[in-house]
Amino acid sequence: MKKTAVFFAVLTFAIFLIVPGESPSQSSTFADFKVDALYRAAKVSWKTAGDPKGEMSIQIMRAGTFEDGPYREVGVVKIAPGKSSYEYIDKSMGAEAKYYYKLIIKETNESIGPKPTRPFFSPPAT
């Protein structure tokens with residue numbers, strides 16, 4: 001019985017080390033990630049938690065039609081010390097379609113998303 005308990009304790013600890021996850025005390029780098037539809041464009045906005053540890057750049061990635069991709073880089077934003085809110089306007093839309101966006105920290109490969117949007121392709125009513 002004692003050997004079984006020790007085995008399960010070791011197994012649980014090993015799984016904890018192998019399976020990546022976020023403990024409740026850790027905070028994510030990203031917060032409040034949004035993608036808003038605009039006229040022939042999309043506004044990608046997000047907040048960062050805390051100041052960056054060294055130089056960091058965020059890749060804005062977009063996929064057309066399919067949530068699983070393929071994704072391509074549409075922009076890069078450098079994270080500045082003391083700044084926590086960011087936005088990027090993507091005006092490189094093609095045909096009317098649904099698009100998916102992800103954010104990736106280039107230095108750590110941490111990501112958030114995807115978030116869908118469908119830009120407006122008719123001018124706003126006056």
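Bear in mind that the values in this text are calculations on the coordinates, not laboratory data. Because the structure is a prediction, the values reported are computed rather than measured.
For segment 28-117, take N as its residue count and report Rg(C-alpha) divided by 2.2 N^0.38 Å. Could you put the intermediate results ahead of the total?
Working: Rg = 12.7 Å, N = 90, 2.2 N^0.38 = 12.2 Å.
Normalised Rg, Cα atoms only: 1.05.
With the Cα gyration tensor of segment 71-126 giving a ≥ b ≥ c as the square roots of its eigenvalues, does the rule (a/c under 1.5 for rounded; else a/b larger than b/c for prolate; else oblate) give rounded, prolate or oblate?
The shape class here is prolate.
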